[in-house]
């Protein structure tokens, strides 16, 4: 890199990418991919296709790591918002291939287009999923009449202890990958590309996935030490996706067809208290055995949960057990696709306890019929409430997938 | 797990482990390993030996993830401190084998001994490294005369912007693993085992290693987008370890022979400013090319840094470049073993900027001759200072390795 020749070798690509990123309006597609400069992407097939009917990062088998961010738009210029979304889409198309968003080796007098920390790490199964918060449909961009009815603010729910500075947002970005630097690289570069148009409001790293979303994945444990997501919707269940996750013809806003609704809740776990609770209590709170993950009515993890089973006159799965109250059969048959991650953010300065828990993410067809009533019931009656607080809440309409280079999130909404 | 038989199968082991963990004093060794209950450790060889001449986690090739915590001892009972260290050692011996610290399936009326979230994740190259802060050698435990001269508080240094609540501590635990849940599991369970004896003061997660410590590892990039650790000490350099890392016969305190000194500094990077800086400035600040990692005096990453090279009357590696000021040849030949990780802790509420950077960890024979003078020079002159703040600082004496079950950190110091 010390000689002018290698500099020049990158220059064309760099200016091309810079031009495309700056173009706005119609020409977002970064046609020319800049190959990683000093390492090829990981040799294992690690690319999740970015384009498709639905956004990746929903039905995609849950990757190991999460970087999530919410942004507030700081302009009321509708074209600037469109340009941002187009720029983000072009950048996401690059990053999900394991490529930089543009050259690191720019002209010496220009800042690098890509921040560079993920060079050489490959695609790492990266998915980038973008959503629109209810606040985006206020009077700034003329979108009020296009707000889907299902994008109704989540009402106050029993047990809420929400921190406004960690809640809401006009836009969200969910970056999932098997490498945390690859995921973080997305939100950092999105924040940079947003300069002058949007600012990051809050962000959250997730260090371990807690919900398998594929029958080929082992069920991971959350920080309560219990397997989480045993009865989650799996990506092999196409009918469940159609019935509970993907927005279909029932929507009042055609631009959302093929999309979904993302609910994010930061669920702080009082793990120090939990850890002093006796095993049988923990198992009764959840409704499952801790080690095996089997329901208390069964012997193996995937045994059908028998809510009606009674022993010595007492329900085997207690009336306030988490899995009973969350079960589809006690919620009008409704299911959610959970896709959460464990988090820890150090010590809670007020209490000296670990600030740790579950960053809950769920996708669904209509939060009014799925997350909200289920959580209303859980917040009122769940035995787990003694050990958890919901400390943040956010809701986003996740539009359908992008079809090809040049497409971007909300194109049919904003143009 | 639903039937009494399988419960009983675990009971003996659980009580045995509980007894050993509670024994204190001499009998720390958890003789009976409780095998993972529902999954065998990962099939790849993932166990780093816990016992040895030196503590693991120093010369060990840097793993991918970090969980670090500092604790303050809340008792002045020397025996309670010894019991804690012995209990931690017994637990670490288990966890580094990929096993729980004790049974998850206890008697129903007892809390689980292990918190359970890492069950099934294997050893994941886990290392657990423990150190003693200067404050441990105050008058509480009668250790003042055994304080090594090298464990001198790090003085105020140019450029410090330290947060006391994230600095110092009586004890530290560095847990490194290729899986972040495995690393977090250590500090959570150590905090639990410390109840009544010590409380966690601060903790830090690291999501991506930034310093390779083996010639078999690729050099990773820090959040500046530059390769970090090219000229780090590598574990193939036994002479460098003897000369710069391991405490030898020169020590004034024999109990530290074979140990090392750990300096931790949370280095906040002002990445938004950095990202607007032009490429040539970034490269001059560091003294290396961004993409290749080659020194500005060379063409390839591992080319020798030629500090004397001049072009058109100007040093090719600027006089205030980071690699010049940090180079051993400008620091009396002294080197450090760096073993840091990238971190991000969300948004800085005061500025709205990302709170992200490098959690710097270095091991050395004598911080008075290594970290302190090098950082004094860097803090005064380093061109990088425009883009970084040191927001926390901590120093710990890391005793030598444990020899066998029943041994514990500081046994020769406290008994």
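The values are calculated or read from the model by the stated rules, or taken from the named source; none is laboratory data. Just so we're clear, the structure is a prediction, and the values are computed from it rather than from any experiment. We place every Cβ from the backbone using ideal geometry, glycine too, and count neighbours over all the protein chains shown.
Structure summary
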| item | result |
| --- | --- |
| Unmet criterion (only one of (1) in contact with a helix residue (DSSP H, G or I) (Cβ under 6 Å, 6 or more places away or on another chain); (2) part of a loop (DSSP other than H, G, I, E, B); (3) within 14 Å of chain A (Cβ to nearest Cβ)) for residue B:247 | (3) |
| Residue within region B:111-122 that is surrounded by 20 or more Cβ atoms within 10 Å (Cβ to Cβ) and farther than 28 Å from residue A:208 by Cα present | no |
| Residue match in region A:303-315 (condition: touching a residue at least 40 places away in the same chain (Cβ under 8 Å) and away from chain B (no Cβ under 12 Å)) | yes |
| Test: residue in region A:106-124 that is at positive phi, under 22 Å from the mean Cα position of the chain (by Cα) and assigned to a loop (DSSP other than H, G, I, E, B) | yes |
| Count - residues of region B:190-226 that are within 27 Å of residue B:93 (Cα to Cα), assigned to a loop (DSSP other than H, G, I, E, B) and over 17 Å from the mean Cα position of the chain (by Cα) | 6 |
| Residue count, region A:355-409 (criterion: in contact with a helix residue (DSSP H, G or I) (Cβ under 6 Å, 6 or more places away or on another chain), closer than 30 Å to residue A:50 by Cβ and assigned to a helix (DSSP H, G or I)) | 0 |
| Where residue A:222 falls short, out of the listed (1) under 27 Å from residue B:226 (Cα atoms); (2) within 11 Å of another protein chain (Cβ to nearest Cβ); (3) in contact (Cβ under 8 Å) with a residue 40 or more places away in the chain | (1) |
| Subset of region A:346-378 (residues that are within 14 Å of another protein chain (Cβ to nearest Cβ) and free of Cβ contacts under 8 Å to residues at least 40 places away in the same chain) | A:346, A:347, A:348, A:349, A:350, A:351, A:352 |
| Residue that is out of contact with any strand residue (DSSP E or B) (no Cβ under 8 Å at 6 or more places or on another chain) and over 20 Å from residue A:116 (Cβ atoms), where the choices are A:206, A:169, A:229, A:196 | A:196 |
| Any hit, region B:321-339, residues being in a loop (DSSP other than H, G, I, E, B), under 26 Å from the mean Cα position of the chain (by Cα) and within 14 Å of chain A (Cβ to nearest Cβ) | no |
| Qualifying residue in region A:111-131 (condition: more than 17 Å from residue A:192 (Cα to Cα), away from chain B (no Cβ under 14 Å), at pLDDT 95 or above and in contact with a helix residue (DSSP H, G or I) (Cβ under 7 Å, 6 or more places away or on another chain)) | yes |
| Test result for residue A:266, in contact with a strand residue (DSSP E or B) (Cβ under 6 Å, 6 or more places away or on another chain) and within 18 Å of residue B:115 (Cα to Cα) | no |
| Total residues in region A:229-260, condition without any contact (Cβ under 8 Å) to a residue 60 or more places away in the chain and buried (at least 17 other Cβ atoms within 10 Å of the Cβ) | 2 |
| Those residues of region B:192-228 which are surrounded by 23 or more Cβ atoms within 10 Å (Cβ to Cβ) and at positive phi, in sequence order | B:225 |
| Selection count where residues are closer than 26 Å to residue A:270 by Cα, buried (at least 24 other Cβ atoms within 10 Å of the Cβ) and within 8 Å of another protein chain (Cβ to nearest Cβ), scope region A:159-191 | 1 |
| Residue list for region B:132-151, filter: surrounded by 15 or more Cβ atoms within 10 Å (Cβ to Cβ), assigned to a loop (DSSP other than H, G, I, E, B) and in contact with a helix residue (DSSP H, G or I) (Cβ under 9 Å, 6 or more places away or on another chain) | B:140, B:141, B:143, B:147, B:148, B:150, B:151 |
| Criterion violated by residue A:70 - all others in (1) part of a loop (DSSP other than H, G, I, E, B); (2) within 11 Å of chain B (Cβ to nearest Cβ) satisfied | (1) |
| Residue that is nearest to the other protein chains (Cβ to nearest Cβ) [pool: residues in region B:85-110 that are farther than 30 Å from residue B:211 by Cα and surrounded by fewer than 24 Cβ atoms within 10 Å (Cβ to Cβ)] | B:108 |
| Residue A:288 vs. criteria without any contact (Cβ under 8 Å) to a residue 12 or more places away in the chain and more than 23 Å from residue A:204 (Cβ to Cβ) | no |
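Residue-wise test of (1) at pLDDT 95 or above; (2) under 27 Å from the mean Cα position of the chain (by Cα); (3) closer than 30 Å to residue A:132 by Cα; (4) facing another protein chain (nearest Cβ under 9 Å).
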position: A:251; (1), (2), (3), (4): yes, yes, yes, no
position: A:256; (1), (2), (3), (4): yes, yes, yes, no
position: A:279; (1), (2), (3), (4): yes, no, no, yes
position: A:290; (1), (2), (3), (4): yes, yes, no, yes
position: A:299; (1), (2), (3), (4): yes, no, no, yes
